[in-house]
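Report on the structure given below.
Each reported figure results from applying straightforward, stated rules to the coordinates on display, with no laboratory input. Quick caveat: nothing in here was measured; it's all calculated off a predicted structure. Don't worry about glycine lacking a Cβ; one is built from the backbone with ideal geometry, like all the others, and counts go over all protein chains shown.
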Amino acid sequence: MGVAALITWLVTAVGGFVMLGVWISRGGHRPGSGTRLAPGLVFSHFGLAVIGLVLWIVYLVAHRSVLAWVAFVLLLPVALLGFTMLARWIPARRTGVAESRFPVPVVVGHGLFAATTLVLVLLTALGVGGS
């Protein structure tokens with residue numbers, strides 16, 4: 001189950017990179033861009049997710065349960081930041097701001113794989129299934 005969580009986490013990351021690339025290339029990170037996604041929000045979400053992913057990889061190598069729990073705890077604010085961005089993105093879809101260019105299937109896939117990752121990480125930390 002731990003490897004399945006890694007795979008879903010990596011797929012989630014690909015979607016996140018696509019959206020981050022669109023957002024940056026459209027100027028969303030610049031002051032006055034009109035974006036509804038503050039750079040601090042975007043980069044906090046990204047940074048915590050990357051730290052959690054690195055910890056998850058270390059967990060898979062070292063098999064230290066505390067690392068699985070730390071990765072799970074890190075995913076909680078990542079998820080909250082993600083939901084915040086989703087709530088800000090929905091009304092921005094029809095405007096001309098950077099995030100209005102996010103492909104809807106990427107947004108939906110990112111969210112679904114993120115939720116799956118969160119559940120798989122929790123189940124692995126609880127010891128359900130094999131890692």
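What the table shows:
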| item | result |
| --- | --- |
| Approximate spin-label separation R64-L112, in nm, with each point projected 7 Å along Cα-to-Cβ | 3.6 |
| Sorted by Cβ neighbour density within 10 Å, fewest at the top, the residues T8, T35 | T8, T35 |
| Whole-number D in µm² s⁻¹ for the chain, Kirkwood Cα-pair radius fed into Stokes-Einstein, 4 °C, 1.567 mPa s | 86 |
| Cβ charges +1 (Lys, Arg) and -1 (Asp, Glu), total dipole of the chain, debye | 420 |
| Positive dipole terminus of the chain, leading residue within A13, G52, G2 (C-beta point charges) | A13 |
| Using a Förster distance of 22 Å, the FRET efficiency for V119-T84 (Cβ separation, nearest 0.05) | 0.65 |
| Gap separating the Cα centres of region 97-131 and region 1-65, nearest whole Å | 11 |
| Footprinting exposure proxy for T116, T124 (fewest neighbouring C-beta atoms within 10 Å first) | T116, T124 |
| In Hz, Karplus ³J(HN,Hα) per residue of region 36-50 (6.51, -1.76, 1.60; θ = phi - 60°; x = Gly, Pro) | 8, 10, 5, x, x, 5, 4, 6, 5, 4, 4, x, 5, 5, 5 |
| For the chain, with +1 on Lys and Arg beta carbons and -1 on Asp and Glu, the positive-most of L120, G82, V61 along the dipole | G82 |
| Choice from L81, L20, L112 showing the highest fluctuation, given a GNM over the chain with Cα pairs closer than 10 Å | L112 |
